[in-house]
1. What ratio of Cα Rg to 2.2 N^0.38 Å holds for the stretch 223-375?
2. Compute the distance in nm between two label points, each set 7 Å from the Cα along the Cα-to-Cβ direction, one at Leu90 and one at Arg12.
3. Can you give me the distance in nm between label points at Glu136 and Arg205, each placed 7 Å from the Cα along the Cα-to-Cβ direction?
4. Provide the gained length on full extension for the span Lys4 to Trp43, in nm with one decimal, where the gain is 0.36 nm per separating residue minus the Cα-Cα distance.
5. Among Ile329, Ile312, Ile196, rank each residue by its count of other Cβ atoms within 10 Å, from fewest to most, as a rough exposure measure.
6. Rounded to the nearest 0.05, what FRET efficiency is calculated for Ala258 and Ala308 with R0 set to 25 Å and r the Cβ-Cβ distance?
7. Provide His237, His274 in ascending order of the number of other Cβ atoms located within 10 Å of each residue's Cβ, fewest first.
8. Calculate the all-directions average of the projected area of the chain's alpha-carbon convex hull, and give it in nm².
Amino acid sequence: MLRKVEDRVLYREEPFYAAFPSAVTLPDGSVLLVFRRAPDPRWLLGPDAPENLRGWASHVHERSHHAQVRLDGQTLQPLAAAEALPMNPLAADQDPSLLLLSSGRLLLGSFAWYGFPPPFVAEVRRQVPELHGGPENDGLYYAFYGGFVRASDDAGRTWGEHRYLPPLPGAGPGPGHCPRHGGAVRGRAVESAGEILLPVYASPRPGAPSAAYVYVSDDGGESWRLRACIAQDDRVHMHEPALHRCPSGKIVCFLRTANLEDHLVTAESHDNGHTWSPWQQRPVIGHPYHPLPLPDGGVLLVYGYRHAPFGIRARVLDDECTDFAGPEIILREDGLGGDLGYPWSTLLPDGRVLVTYYFYGGDGIRHIAGTVLAP
């Protein structure tokens, strides 16, 4: 079993709304922490902002981007100031998902939104019925721009261009000249049998519940092709899929749901993602999920808990991810509301585990926090 050692703030800057982190331990022992960052207007108003604005939350912004901080793997102190990754100048980058390949290459999967001011919305909706946001809370309306992958061959010091995924058949058009590139990426990818398996989620057709899919690359993330649908349902939404490769070679997908009382569902593949078992509901509540292989062969499954008491939770599964009956580990239960979580964990060089997530205090400023676990 793992025991909790401490909670700590890993990144906080008042001008920014920081959320949706991903972390990876690099070969030199440092930790690369990447997260979605956007301007936070609470900073401009200062401490006298009224209560309703201190509680404001929006996950879309026309200037959202990826930022990264490199941490010392022992002390977890920053080794340098946070820096913004190069942005797509046309669209707003969202949740990052990191994968360190056996070759040493780093992949970052994500997706982007394209913002439209209100005068354009009626025309855009004739092409893309499903828009997100709105001017009252989010400033603009947003259309899904596409899922993408970018790569770094120097441990995150520089990053390559956005490589957008091929479109999903039948998913409908994007706005104007933009095809609907793949699906949204938020969840762990895996290397397996010489390939990279990247999970995404998107509606298979306009108006249908979201389904989960897997793309595959056999050239280190340079190119991608759609392999299969992981899970879909006529009523239940399948969101934010995350993959784990078991010692047997089985691939397990952990899925956040909607219309299922926030329960986890899983699906399994025994042929490297070509076919998948029917999804199964599991006795776990929360979202989304991140599986981390442990040195002893178990799997640490971390997830946000957006119900009172709000916080971060975890379970330790067996190495083949078949037993979900073990005790739930409460990492945090001091959250002030539901806009928190999205945990992502990484194994530190000394055997401790760092669980990263986003959190906030009474001033409402979202920051990246971490909980350290030890054997």
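1. In units of the globular-protein estimate, the stretch 223-375 measures up at 1.06.
2. In this crude label model, Leu90 to Arg12 measures out at 3.9 nm.
3. 3.2
4. Computed gain between Lys4 and Trp43 is 10.8 nm.
5. Ordered by Cβ neighbours within 10 Å, fewest first: Ile329, Ile196, Ile312.
6. 0.85
7. With the sparsest Cβ surroundings first, the list reads His274, His237.
8. That works out to 17.5 nm², a quarter of the Cα hull's surface.
Computed from the coordinates by the stated procedures, all read-outs in this text should not be read as laboratory data. Fair warning: this is a prediction, and the values are worked out from it, not measured in the lab. All Cβ positions, even for glycine, are placed from backbone atoms using ideal geometry, and neighbour counts span all protein chains on display.
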